[in-house]
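The structure appears below as structure tokens.
The values are calculated or read from the model by the stated rules, or taken from the named source; none is laboratory data. What you see is a predicted model; the values in this text were computed from it and never measured. Every residue, glycine as well, gets a Cβ built from its backbone with ideal geometry; the counts of neighbours run over all protein chains shown.
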Amino acid sequence: MEAFAVASSPESFELLNGELHGLFGQNWGNMTVLAAGEMLGRGAMAGDETLIVCIEAQDEQNLEPIDSFVREAKKAGFTVVLVAKDVSPTALHRLLQLGADDFAPYPLPDHALSNIFDRLRDKKAAPADSERRKSRSGVILPVYGAAGGVGASTFAVNLAWEMATATRKDDMRVALIDLDFQFGSVATLLDIPRREAVFDLLTEPETLAGDTLSQAMTSYKSVLAVLTSPPEVMPLDIVNPEYIERMLRILQSRYDFIVIDLPKALTDWSASVLTSAETYFSLLELDMRSAQNLMRYLRVLRGEDLPGEKIQYILNRAPGFADLNGKTRVGRFSESLGIEVNILLPDGGKAVTQAGDQGEPLANSAPKNPLRKEIKKIAGTLIDLTKEARAAVVD
């Protein structure tokens, strides 16, 4: 479990269930204060769960059980967040004095818990950031689709999620950034809201800073930081290359991996993303649309003298192992374009569409899907290479 909601009367906080499901999926539970205290006493909690302690007016008649639970939970090193329903300031102050990390009123305002978890994570990471700021340099991993429908956004979302879950125990942080300001689909694929704060961040470029960027981002299941596209359709040139470069520098100072879902259209700042990238993924399909669009794209790269050697070409819905005719077509496709297809992704079938419709990563909705397995391998390779490179720098 990632979180437990604890209350004297859990049924009094039913509206909290939907919020917790959105943040933690199935990895949360609720129980009474007495049951939670018993679990805590016998060491049945792992120590890395978040405890959401819910209190209401009737609890003030006897706060001792909740006092005791909060006190013991903080001694054991748990994160404790209070959710208060019609509670006096005196009772709330008393529990905060015992070490509770933060609180929110009930019913919960929009994004209240996700914002709290973001602040707590940033606060926890702050000492490490200050010590490691010189050595921390996030790896930028843009994803570009050569044509609509080739699966670039699906790949970006699932790559970011696999990296985030694989590194959560390693003090490494992952961000997923949707730079398609017009029709970006990251929010849809993860079923998270598009926030007005993103609109403000783009329309008021002078406000871009570490704290405003953090406020505009959404925490997905308390594991992955996401900057969605804005709620309104905006022109892609609403920002300039200097703005994007500044955003990328901020992200690099705060995250170890930054996966970027790019728009199909080329912009003034496209070159800034490519230049800053460690590796640049370009998704294709074995069709004429991808071939013709990629030929135009490559001519732009050569004309602007941009680092095309960073690009890794990924063929989505690639022919299977036994499809010899398909393999021949892939060879001809690569030869005619003068590129090397680095990665072949299998066709994940209807499960991929269903996962997108449900707003879930493949790891949650179809963990045995062949596409999910391949993306997980890619994520693992990127993580291992980064760790090796950083270890070599330290040595």
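Miscellaneous remarks
- Residue under evaluation Asp178, criteria (1) surrounded by 23 or more Cβ atoms within 10 Å (Cβ to Cβ); (2) at pLDDT below 95; (3) under 16 Å from the mean Cα position of the chain (by Cα), criterion not met: (2)
- The listed residues are Val70, Val81, and the only one of them that is crowded, with 16+ Cβ neighbours inside 10 Å, assigned to a strand (DSSP E or B) and not hydroxyl-bearing (Ser, Thr, Tyr) turns out to be Val81.
- Qualifying residue in the range 53-69 (condition: under 21 Å from His111 (Cβ atoms) and not aromatic (Phe, Trp, Tyr)): yes
- Subset of the range 248-276 that is outside any loop (DSSP other than H, G, I, E, B) and of a type in the set (D, E, K, R) - its residue that is surrounded by the fewest Cβ atoms within 10 Å (Cβ to Cβ): Arg249
- Residue within the range 232-247 that is within 22 Å of Gly151 (Cβ to Cβ) and surrounded by fewer than 20 Cβ atoms within 10 Å (Cβ to Cβ) present: yes
- Selected residue (criterion: modelled with the highest pLDDT) from residues of the range 197-222 that are β-branched (Val, Ile, Thr) and buried (at least 19 other Cβ atoms within 10 Å of the Cβ): Val198
- Flag set for Leu189, criterion: within 13 Å of the chain's Cα centre (by Cα) and either in the same structural domain as Ser365 (by TED's automatic domain parsing) or closer than 17 Å to Val139 by Cβ (or both).
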